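The values are calculated or read from the model by the stated rules, or taken from the named source; none is laboratory data. If you're wondering where the values come from, they're calculated on a predicted model, not measured in any experiment. Using ideal geometry, Cβ is built from the backbone for each residue, glycine included, and neighbour counts are taken over all protein chains shown.
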């Protein structure tokens, strides 16, 4: 119980210190934005390079509310406390002791194996519960990356087609966003790009901020190509078409790689799950007849 109370106090102290540090960091960033020049980021948009690591990591996963870092720390502390309480309850309460005792009476090996399992189970549950918030944010980040990778080639195809038809880049951008009824990670990033562009930020800075916010390889390549085209004065239609073709070919290659890796991934479930059942169904009756015949011969002799 003393260890549990000490750990809870330590978690509370760390949460308070992080909250104070975050508030001081936000105040410093606000002061820097007040005295910054006019060509920098617009008010209300925080530069990802000056954001703390935890807030930047949560922002890349889609959690960009002002209190996301504090909520994550509070959730992590609660999961850690719940995991510790459950581990201590299982460790000191020993609810599986009757099962271990009964298995030990029947078989020494079974009792030893269950004893080891009961000893490790509380701490395994503790680790699983403690890492649950991190795992959740990591899964959200992976889903966000997959969504952007899947939707970006289609958006680039539409932009390239509209640009080749004579429509300007900003007008094409606005038309695509107006006709997107469903919200998605890519649409959210492009809407943020549009708002920054309308606020007076240069297009190069908007593309750089878009690449930093998403942290996706395909988006980074697209933003780099658009920045180069903007700086050298090249047309956007050819760049958009080239990027769309390149992303489509990368998507096809990634699908081919996954298809070629599928037989290797199927070896384990095939050997472990299917082959024993097939052997039992096909060879089981033959072995049963063989053992019955051998038993009859040995019994008759």
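Figures for the structure shown
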| quantity | calculated |
| --- | --- |
| Test result for residue 68, under 30 Å from residue 223 (Cβ atoms) and either surrounded by 15 or more Cβ atoms within 10 Å (Cβ to Cβ) or at pLDDT below 85 (or both) | yes |
| Residue 272 being surrounded by fewer than 10 Cβ atoms within 10 Å (Cβ to Cβ) and either closer than 21 Å to residue 219 by Cα or more than 40 Å from the chain's Cα centre (by Cα) (or both) | no |
| Flag if residue 153 is in contact (Cβ under 8 Å) with a residue 24 or more places away in the chain and closer than 30 Å to residue 79 by Cβ | no |
| Answer from 129, 152, 177 - the residue that is within 17 Å of residue 243 (Cα to Cα), modelled with pLDDT of 85 or more and part of a helix (DSSP H, G or I) | 152 |
| Residues (buried (at least 19 other Cβ atoms within 10 Å of the Cβ) and in contact (Cβ under 8 Å) with a residue 60 or more places away in the chain) located in region 156-168 | 156, 159, 160, 163 |
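Yes or no, residue by residue, for (1) assigned by TED's automatic domain parsing to the domain that holds residue 192; (2) at pLDDT 80 or above; (3) part of a helix (DSSP H, G or I):
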site	(1), (2), (3)
39	no, no, no
45	no, no, no
51	no, no, no
58	no, yes, yes
63	no, yes, no
72	no, yes, yes
78	no, yes, yes
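Okay, residues lined up against (1) within 20 Å of residue 158 (Cβ to Cβ); (2) assigned by TED's automatic domain parsing to the domain that holds residue 149; (3) crowded, with 19+ Cβ neighbours inside 10 Å:
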position: 188; (1), (2), (3): yes, yes, no
position: 202; (1), (2), (3): no, yes, no
position: 210; (1), (2), (3): yes, yes, yes
position: 215; (1), (2), (3): no, yes, no
position: 237; (1), (2), (3): yes, yes, yes
position: 244; (1), (2), (3): yes, yes, yes
position: 248; (1), (2), (3): yes, yes, no
position: 258; (1), (2), (3): no, no, no
